[in-house]
Amino acid sequence: MSVAFEVQGLGITELAEEFGTPLYLYDGEEITTRFQGLREALHPALEVFYSLKANPNISVCALLHSLGSRAEVSSLTELVTARRAGVEPRDIIFLGPGKSRGEVAACLDEDIHAIVCESIGELDLIDEVARERGITARVALRVNPRFSVKGSGLTMGGKPRQFGTDEELLLAEGKDLAGRYPNIRLMGVQVYLGTRILIEESVVENTRRILELAERLSTELGFPLETVDVGGGLGIAYFDNEKDLDVAELTAGLNPLIADFRARHPETRMIMELGRFLVAASGTYVTRVRYTKTSMGENFAVTDGGTNHHMAAVGIGSYVKRNFPMAALERLDEPATEPWHITGPLCTPNDVIGKKVPMPALRAGELIGVQRSGAYGPTASPVHFLSHGYPAEVLVLDGRAHLIRERDDVEAMLGRQRLYAAPGDDQN
Ligand SMILES: *Cc1c(COP(=O)(O)O)cnc(C)c1O
């Protein structure tokens, strides 16, 4: 008898049969444990906002909302997702460097807590849209600080970036800025310094400097500090040489900073934005091996899903070419005896999910899982490539499996395309 992967007592063989493959499977218990573990350790004054970008499924958002999370959104659809998942407008912030007029209008019409503004030009737009509505918009400034911080997989601050406004530029504006826009109330500061941070001390140091910067800016620019958003960027371990953040150590460093700031600014809302940290560990990308073959002495398992659903596993951006944790899901107890390339159905040599992954001798028909895949999965992948479409998504909650997204079928893929009419065709 082989040992098979299961989620809350549900076996992977049965789940794959019921919902088909390729499939994203999320363990709601893992999300709950992650959120509550952090929430219980973290100073209560620091509110957790879920960054929908990491996994925008409405049920994932609703689960996190039910646990007490707020929402950080970056598009009109993410805003609507958060609202339909039950998040109150006062618990939503909207950020992103290229907001449209329609998105700004939706933020104002929904009356969300704050628009996080990323450029001076955007202030002009927000002011105009607010004036049309006869209201005053609450705006927090996203700042690109002079400092950056070590230990991040992808650094966002301290260098030329399209995000936020440089600290220097804001300081040069001085008190003029707040007065220039009659329909805007500047009320906060947001800084996001990077992602995939796995060093507790880096997060603490980031936060310390962001809080300092927020105080300085609000004084020098002359606006009240109603909100300060310290970003986040908390990572999770993907690779052999990485270690998950120690929540006890992290909060032991963070909480005194929060308490100290709280004492000086009892009315200020304090926000941390988290995506990956909350959802990544919950997800497994499940594919089925269609064929096994050898080429010039190396083993290949060709599966029914590939980089079209899991671009992160290929090694884009900060991931370099390292393998995500992977397993033969129906034979967890069997020793990994040989190296396998795990490849997908796309007609490109880049469609490789894992290179030389140690596995038992793989067989056609069995299930492979890419673990820790709950964040930046299909949503950050070219799901339309070769017209395979979005995979199914299943969330297991309280021992029950819920289909939370249907896989795309041919009509889903073709339904929005239009066959042009050739001359003469339209005359009946
Ligand atoms: C992407 C992003 C996040 C979420 O990042 P994670 O690393 O998934 O936690 C939060 N804030 C901003 C501004 C982002 O761009």
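A few notes on this one:
- Filtered by the rule that a residue be over 11 Å from residue 87 (Cα atoms) and within 16 Å of the ligand (Cβ to nearest atom), the stretch 52-67 gives 52, 53, 54, 55, 56, 57, 60.
- Applying the criterion of being small (Gly, Ala, Ser) and outside any loop (DSSP other than H, G, I, E, B) to the residues of the stretch 173-204, the residue that is nearest to residue 251 (Cα to Cα) is 202.
- Taken over the stretch 108-122, the criterion of being surrounded by fewer than 23 Cβ atoms within 10 Å (Cβ to Cβ) and either in contact with a Cys (Cβ under 9 Å, 6 or more places away or on another chain) or assigned to a helix (DSSP H, G or I) (or both) is satisfied by 108, 109, 110, 120, 121, 122.
- Members of the stretch 20-51 found to be more than 16 Å from the ligand (Cβ to nearest atom), surrounded by fewer than 20 Cβ atoms within 10 Å (Cβ to Cβ) and of a type in the set (A, V, I, L, M, F, W, C), listed by number: 41, 45
- Residue 207 vs. criteria within 16 Å of the ligand (Cβ to nearest atom) and assigned to a helix (DSSP H, G or I): yes
- Candidate set from the stretch 225-244 (those that are touching a strand residue (DSSP E or B) at 6+ places or on another chain (Cβ under 6 Å) and assigned to a loop (DSSP other than H, G, I, E, B)); member that is surrounded by the most Cβ atoms within 10 Å (Cβ to Cβ): 233
- Criterion: within 25 Å of the chain's Cα centre (by Cα), of a type in the set (Ser, Thr, Tyr) and either assigned by TED's automatic domain parsing to the domain that holds residue 307 or within 25 Å of residue 8 (Cβ to Cβ) (or both) - qualifying residue of 379, 348: 379
- Among the candidates 400, 372, the residue that is modelled with pLDDT of 95 or more, within 16 Å of the ligand (Cβ to nearest atom) and of a type outside the set (Phe, Trp, Tyr) is uniquely 372.
- Test: residue in the stretch 251-273 that is within 16 Å of the ligand (Cβ to nearest atom) and in a loop (DSSP other than H, G, I, E, B): no
The values are calculated or read from the model by the stated rules, or taken from the named source; none is laboratory data. Just so we're clear, the structure is a prediction, and the values are computed from it rather than from any experiment. Methodologically, a virtual Cβ is constructed for each residue, glycine included, from the backbone with ideal geometry; neighbour enumeration extends over all protein chains shown.
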